[in-house]
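The values are calculated or read from the model by the stated rules, or taken from the named source; none is laboratory data. Nothing here was measured: the structure is a model prediction, and the numbers come from that model. Please note: Cβ atoms are built from the backbone with ideal geometry, for glycine as well, and neighbour counts cover all protein chains shown. Ligands, DNA and RNA are stripped out before the accessible areas are found, and what is left, the full protein with its side chains, is counted by its heavy atoms. Shrake-Rupley method; radii C 1.70, N 1.55, O 1.52, S 1.80 Å.
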Amino acid sequence: MSKQNEPLDPKDDKQVAKASESADEVLSEGEGAADVEPAVELESAEALAAKLEEAQAQVGQYYEELLRAKAETENIRRRAQDDVAKARKFGIESFAESLVPVKDSLEAALGLKDQTPEAWQSGVEATLKQLIGAFERNQLKEVAPAEGDKFDPNLHQAISSVPSDLPEGAVVQMLQKGYTIADRVLRPALVAVSSGKPAQ
């Protein structure tokens, strides 16, 4: 048995006094702990309240930003719809504007009587130049493969395959011009391609 656990002698004043001091110290420590614990809890609650308030403020800020972003997205979507509608409605405006003078020239040519063949041809050539200019301004380009050119399935459409002295797959004859608009095929050129030299 340790010295601390030995029974006290009631007749020994020193032991009694010492035990009393120890008991007071223990009680004092216990009272101090009881006083500190509520202070710690109160401090934690205040800290939690502050954090909650801060979190609520952030949530409010994020919610406001979300509403603004949603409104901006809706505005962009509406503007895009308007742009698409205008593009569909007025997309050919430039091309139509270029063709109007061509129509004017054709009507003027038909309105003239007693024209000489030379004047008629000159008028038709001038009108054709107007039409070519309208095509160029609107990126409408001809696809006109020459004899011997390599067949391009992206731009040409083979109508027939004929024996010839040209290499197999080469264009033998163009039957109809093709057109591209802004590098997109509007109509492929119709061609006849070579199947190689005829058998002897």
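For the range 47-121 and the range 157-200, compute the distance between their C-alpha centroids and round to whole Å. The range 47-121 and the range 157-200 have Cα centres spaced 40 Å from each other. Taking other residues whose beta carbon is less than 13 angstrom from the beta carbon of V59, and scoring Lys, Arg as +1 and Asp, Glu as -1, yields -3.
The loop-placed trypsin sites (Lys or Arg not before Pro) in the range 67-174, going by DSSP, that have at most 11 neighbouring Cβ atoms within 10 Å of their Cβ come out as K113. The residues of the range 51-178 expose on average 80 square angstrom of accessible surface per residue, using a 1.4 Å probe on protein heavy atoms. Element breakdown for the range 122-175 at a 1.4 angstrom probe: carbon and sulfur atoms account for 53% of the accessible area. Ordering Y62, Y179 by accessible surface, largest first, gives Y62, Y179; the 1.4 Å probe counts only protein heavy atoms, with every chain in place.
Each Lys or Arg adds one and each Asp or Glu subtracts one; over the other residues with Cβ under 12 Å from the Cβ of K177, this totals +1. Pairs spanning more than 18 Å between alpha-carbon atoms, out of K141/K177; K150/K177; K103/K141; K89/K177: K103/K141; K89/K177.
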